[in-house]
Amino acid sequence: MPAHLSQKLKSESGILRKKFASLQKEMEEQKEGVRKQQAEVTKLNAVIRDMEKDIIQLKKEIQERDETIQDKVRCCFFSLYAVGWTGNAGPENGGPENGGPKIARPSTCAENALLMSVISGRNAVKNKTVHT
């Protein structure tokens, strides 16, 4: 084998070794980047799960508040219904000025329920829970 061919192969071999080492280093850096991204994905998935739990809890809280508001509206309605209020109790419609009913506003649902049962002669809140 001629000397110049041997020298050429040695230089190409050196170049290829450098390229190989460079590519191996780049590959390790890419693997490290993938590991970091996987760790970040795991962390973000945990945050998502926590937020989904928070959303469920907040929806339950909203539902409970809606039920409380509905109970209070029912209590107000019972109170107004119990004293004969029809929604328009002005003087022209038999309001207090013309001897019509006066609107009483009991302070609790229990008082409303008691008022309803006394006026109607039966249990006003049959099968309902009365909140005080």
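We did not get these values from a lab; they are worked out from the coordinates using the rules stated. Because the structure is predicted, anything quoted here is derived from the model rather than measured. Positions of Cβ are backbone-derived with ideal geometry, glycine not excepted, and every protein chain shown enters the neighbour counts.
Is the shape of segment 1-75 best called rounded, prolate or oblate, per the rule: a/c under 1.5 gives rounded, else a/b larger than b/c gives prolate, else oblate, with a ≥ b ≥ c the square roots of the Cα gyration tensor eigenvalues? Because a/c hits 1.5 or more and a/b exceeds b/c, segment 1-75 counts as prolate.
Modelled label positions at Lys18 and Phe77, each set 7 Å beyond Cα in the direction of Cβ, lie 8.7 nm from each other.
With both labels modelled 7 Å from their Cα along Cα-to-Cβ, the Met51 to Ala39 distance reads 2.2 nm.
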